[in-house]
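Here's the structure we're looking at; comments come further down.
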Amino acid sequence: MAVRSNARATGARVVLYVVLCAAAAGILLPFAWMIVSSLKTNNQVFTVPVQWIPDPVLWQNYVDIWAKSDMVTWLKNTAFLAVTVTFLQVLTGSFAAYGFAKMRFPGRDVLFLVYIGTIAVPWQSYFIPQFQMISGWGLNNTFWAIILLQAFGAFGVFLMKQYYESIPDSLCEAARIDGLSEYGIWWRIMVPLSIPAIASLTLITFVNTWNDYLGPLIYLRDRELWTIQIGLKSFIGQYNAEYALIMTGSVLSVLPIAVIFLLGQRYFVEGIATTGVKG
Amino acid sequence: MATTVVDHPGGPLGPPGSTPRGVPTGRAPGARLKLRNALIGWTFILPNFLGFAVITLVPVLTLFYISLTNSNIFGTATFIGLENYVKLGSDKSFHTALLNTFYYAGVHIPLTVVVSLSLALLLNRKMRGAAFFRTVAFFPYITSIVAIAVVWNMLFSPEFGPINQFLGLFTDGDLPGWTVDKDWAMPAVIIVGTWRDMGYYMLLFLAGLQTVPAELHEAARVDGASSWQRFLNVTLPCLRPTMFFVTVMITIASFKVFDLILVMTEGGPGQSTLVLSQYIYTKGFVQFQFGYASAVAVVLFFICILVTVVQFLYNKRKEA
């Protein structure tokens, strides 16, 4: 009896692993194809049957792409925007979250409802008035437009507030009695204690800004302002038959994000879980 | 009253920690303390709120006015009442976009919920490699739309793409044309959308599953409930808050779907994958009919709000 149920459990486990491995392979397949194709010549990309191991492995695409595109400019612009936006979002987000989570004053809850309410409003429904407004300020076709667009999201306030609420109020009380100002409490107690949440928000904001396609598409027209997403899209249009080269560009656009994600994935997972559970 | 202004520290972004004002040791009247507290509270919120209000709230509010004008590229805007909305009634492209949006949402929402919940249930146990599989499932979500769209377009290539080569092993019949066939373009886009999003919602479900008490499962098991019965009667009811949050998020994300479609098919072939967001974009940023585009945007706005409110009320009723 015991032997049989043991065998059943082992059997179920094997089935589970087979299912999961098949799913993982399916999910990763596009990335495998992307990398493999970037190491081939053009003619080798579409073959019947698919050649999953490039022969020979060709690194030439990774040399050529820098000359054939403005990849350096795009990467530089994107990195600049992502860093600036992330810095502002984390700073103002955690600052505002302290007000929402640890202080009581009239108007606080209404304001927070306004933040939450906009989560249900898609950006696509108001990007026209927003564009007219930002153009009216003469900021169309500048990095300012993207920075303004991304830096003051409700998401950062929301995430940091959820985290601050898990820190006991008694800690703030004690600090107040010891004579620390509210700003002092934020800087010396809340910020150091919320490093994991700050890490989550930093990574998520950075990745979102890096991957943003629509914002730059609408606002950044000059080639020297292009981000990697816009650049890659135009590159695809320009070399539409150079499949291997396009895949090389795609690999390069995903690579920095993949590295960041693999290094800090714990924070991604925790950050998303925080916003979800009490949502 | 005037003294409170003096009391109030210089700027919200002044060097933190350098304003050790603390609680006044003197006998401050309660009202004064309260006001002071409120002012400090506001200084925390203002830097973010100002940006948020100007960049998000103001445009949301002006949207409605612009939709009642004939605003265009020349900067002139005359009030024309409901004319834009009347025009929507006979605009075939708008109807197509509306239908396609519901098509996408109608398939993408249930599909993503089922797939991401299944993944979460499979991974919600102590097992070797759980973290690895979780990472794999989440990975597509953090990669750029442009890169994945172009890769999937190649995979979907009707003649030489790996997907049709694979399908060809099982059938000699006609294979789907995917993104170049007007009947198959939408399914192709939905497949990619689900593939990309499921890992994110899986994480939300996994977080929710942590809150399901293990004793309940144990008790149900002792009472002889099958694993399906336990899922229906223990897991699902406990998961309801998460389910609510996830469906609201997926619903909004589905109705506003845009960048994936723009890069994969540009709404084509023909108008077979044209969705509301793209129609707003085309009318506004390609044809510069800001007023008319805003009227379409108002429709999208109300769809999203309405769906959210309905789901909210449904959740409330279930809770009661």
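The values are calculated or read from the model by the stated rules, or taken from the named source; none is laboratory data. What you see is a predicted model, and the numbers here were worked out from it, not measured in a lab. Heads up, the Cβs are rebuilt from the backbone with ideal geometry, glycines too, and the neighbour counts pull from every protein chain shown. When the accessible area is computed, the model is the full protein with side chains, heavy atoms only, and any ligands, DNA or RNA have been set aside. Shrake-Rupley method; radii C 1.70, N 1.55, O 1.52, S 1.80 Å.
Within the set A:Val50, A:Val19, A:Val57, the sole residue that is within 10 Å of another protein chain (Cβ to nearest Cβ) and either open to solvent by 40 Å² or more (accessible area, probe 1.4 Å) or among the aromatic types (Phe, Trp, Tyr) (or both) turns out to be A:Val19.
Note on the stretch A:165-218: among residues that are in contact with a Ser or Thr (Cβ under 6 Å, 6 or more places away or on another chain) and either surrounded by fewer than 22 Cβ atoms within 10 Å (Cβ to Cβ) or farther than 28 Å from A:Val83 by Cβ (or both), the one that is farthest from the other protein chains (Cβ to nearest Cβ) is A:Thr202. Quick check, is A:Leu16 under 32 Å from the mean Cα position of the chain (by Cα) and at pLDDT 85 or above? The answer is yes for A:Leu16. Within the stretch A:74-98, residues that are within 19 Å of A:Pro216 (Cα to Cα) and away from every other protein chain (no Cβ under 13 Å) reach partners that are among the polar types (S, T, N, Q) and assigned to a helix (DSSP H, G or I) with beta carbons closer than 8 Å, at six or more positions or on different chains, in the pairs A:Leu81/A:Gln150; A:Leu81/A:Thr209; A:Thr86/A:Thr202; A:Thr86/A:Thr205; A:Thr86/A:Thr209.
Checking the stated criteria, A:Phe155 turns out to be part of a helix (DSSP H, G or I) and open to solvent by 50 Å² or more (accessible area, probe 1.4 Å). Restricting attention to the stretch A:72-107 and to residues that are in contact with a Gly (Cβ under 7 Å, 6 or more places away or on another chain) and of a type in the set (A, V, I, L, M, F, W, C), the residue that is surrounded by the most Cβ atoms within 10 Å (Cβ to Cβ) turns out to be A:Trp74.
Within the stretch B:76-97, being surrounded by 13 or more Cβ atoms within 10 Å (Cβ to Cβ) and within 14 Å of chain A (Cβ to nearest Cβ) holds for B:Ala77, B:Asn84, B:Ala97.
The set of residues in the stretch B:98-113 being without any contact (Cβ under 8 Å) to a residue 40 or more places away in the chain, closer than 30 Å to A:Ala273 by Cα and open to solvent by 70 Å² or more (accessible area, probe 1.4 Å) consists of B:Phe102 alone.
Of the helices (runs of 4 or more DSSP H) entirely within the stretch B:152-235, those holding at least 2 residues that are hydrophobic (A, V, I, L, M, F, W, C) and open to solvent by 40 Å² or more (accessible area, probe 1.4 Å) occupy B:162-168, B:214-222.
Scan A:Leu252, A:Leu262 and give me the residue that is facing chain B (nearest Cβ under 10 Å), within 20 Å of the chain's Cα centre (by Cα), among the hydrophobic types (A, V, I, L, M, F, W, C) and open to solvent by 60 Å² or more (accessible area, probe 1.4 Å).
On the way: A:Leu252 fails: open to solvent by 60 Å² or more (accessible area, probe 1.4 Å).
Step by step, each of A:Leu252, A:Leu262 is checked, and only A:Leu262 is facing chain B (nearest Cβ under 10 Å), within 20 Å of the chain's Cα centre (by Cα), among the hydrophobic types (A, V, I, L, M, F, W, C) and open to solvent by 60 Å² or more (accessible area, probe 1.4 Å).
Across the stretch A:225-242, a minimum of one residue is classified as hydroxyl-bearing (Ser, Thr, Tyr), closer than 23 Å to A:Ile65 by Cβ and open to solvent by 40 Å² or more (accessible area, probe 1.4 Å). Only residues that are surrounded by 15 or more Cβ atoms within 10 Å (Cβ to Cβ) and within 30 Å of the chain's Cα centre (by Cα) were counted across the stretch A:29-44, and they come to 11. Within the stretch A:99-122, being in contact with a Lys or Arg (Cβ under 8 Å, 6 or more places away or on another chain), within 8 Å of another protein chain (Cβ to nearest Cβ) and not aromatic (Phe, Trp, Tyr) holds for A:Gly99, A:Pro122. Filtering the stretch A:185-235 to residues that are in a loop (DSSP other than H, G, I, E, B) and farther than 30 Å from A:Ser170 by Cβ leaves A:Asp212, A:Tyr213, A:Leu220, A:Arg221, A:Asp222, A:Trp226, A:Thr227.
I'm trying to understand the selection: among the residues of the stretch A:123-143, which are facing chain B (nearest Cβ under 7 Å) and either in contact with a His (Cβ under 8 Å, 6 or more places away or on another chain) or in a helix (DSSP H, G or I) (or both)? Outline the logic, then answer.
At the first step, the residues of the stretch A:123-143 found to be facing chain B (nearest Cβ under 7 Å) are A:124-126, A:128-130, A:132-133.
Matches in the stretch A:123-143: A:Gln124, A:Ser125, A:Ile128, A:Pro129, A:Gln130, A:Gln132, A:Met133.
For A:Val157, are the conditions met, namely being within 22 Å of B:Cys304 (Cβ to Cβ), at pLDDT 85 or above, within 20 Å of the chain's Cα centre (by Cα) and β-branched (Val, Ile, Thr)? Break it down into steps so the answer makes sense when it comes.
Working: within 22 Å of B:Cys304 (Cβ to Cβ): yes; at pLDDT 85 or above: yes; within 20 Å of the chain's Cα centre (by Cα): yes; β-branched (Val, Ile, Thr): yes.
For A:Val157, the condition - within 22 Å of B:Cys304 (Cβ to Cβ), at pLDDT 85 or above, within 20 Å of the chain's Cα centre (by Cα) and β-branched (Val, Ile, Thr) - is met.
Quick one: would you say A:Gly231 is touching a helix residue (DSSP H, G or I) at 6+ places or on another chain (Cβ under 7 Å) and of a type in the set (Gly, Ala, Ser)?
Details: touching a helix residue (DSSP H, G or I) at 6+ places or on another chain (Cβ under 7 Å): yes; of a type in the set (Gly, Ala, Ser): yes.
Judged against the criteria, A:Gly231 is a match.
Of the residues making up the stretch A:163-183, those that are farther than 30 Å from A:Val269 by Cα and outside any loop (DSSP other than H, G, I, E, B) are A:Glu173, A:Ala174, A:Ala175, A:Arg176, A:Ile177, A:Glu182.
The set of residues in the stretch B:114-127 that are more than 9 Å from every other protein chain (Cβ to nearest Cβ) and open to solvent by 20 Å² or more (accessible area, probe 1.4 Å) comprises B:Val114, B:Val115, B:Ser118, B:Leu121, B:Asn124, B:Lys126.
Can you pull out every residue in the stretch B:283-307 that is surrounded by fewer than 19 Cβ atoms within 10 Å (Cβ to Cβ) and either in contact with a strand residue (DSSP E or B) (Cβ under 8 Å, 6 or more places away or on another chain) or under 19 Å from B:Gly89 (Cα atoms) (or both)? So that I can check it myself, show each step before the final result.
Within the stretch B:283-307, the first condition is being surrounded by fewer than 19 Cβ atoms within 10 Å (Cβ to Cβ), and the residues that meet it are B:285-288, B:302, B:305-306.
Across the stretch B:283-307, the qualifying residue is only B:Phe302.
Please indicate, with yes or no, whether at least one residue in the stretch A:122-132 is in the same structural domain as A:Ile204 (by TED's automatic domain parsing) and open to solvent by 40 Å² or more (accessible area, probe 1.4 Å). Yes - at least one qualifying residue is present in the stretch A:122-132. Return the residue satisfying two criteria in turn: it lies in the stretch B:227-255 and is polar (S, T, N, Q) and within 14 Å of chain A (Cβ to nearest Cβ), and of such residues it is farthest from the chain's Cα centre (by Cα). Taking the candidates together, the pick is B:Ser227.
How many of the residues in the stretch B:140-163 are aromatic (Phe, Trp, Tyr) and within 7 Å of another protein chain (Cβ to nearest Cβ)? If you could, list the steps in order and put the result at the bottom.
Just the residues of the stretch B:140-163 that are aromatic (Phe, Trp, Tyr), to begin with: B:141, B:152, B:156, B:160.
Filter once more, keeping what is within 7 Å of another protein chain (Cβ to nearest Cβ): B:152, B:160.
Counting residues in the stretch B:140-163 that are aromatic (Phe, Trp, Tyr) and within 7 Å of another protein chain (Cβ to nearest Cβ) gives 2.
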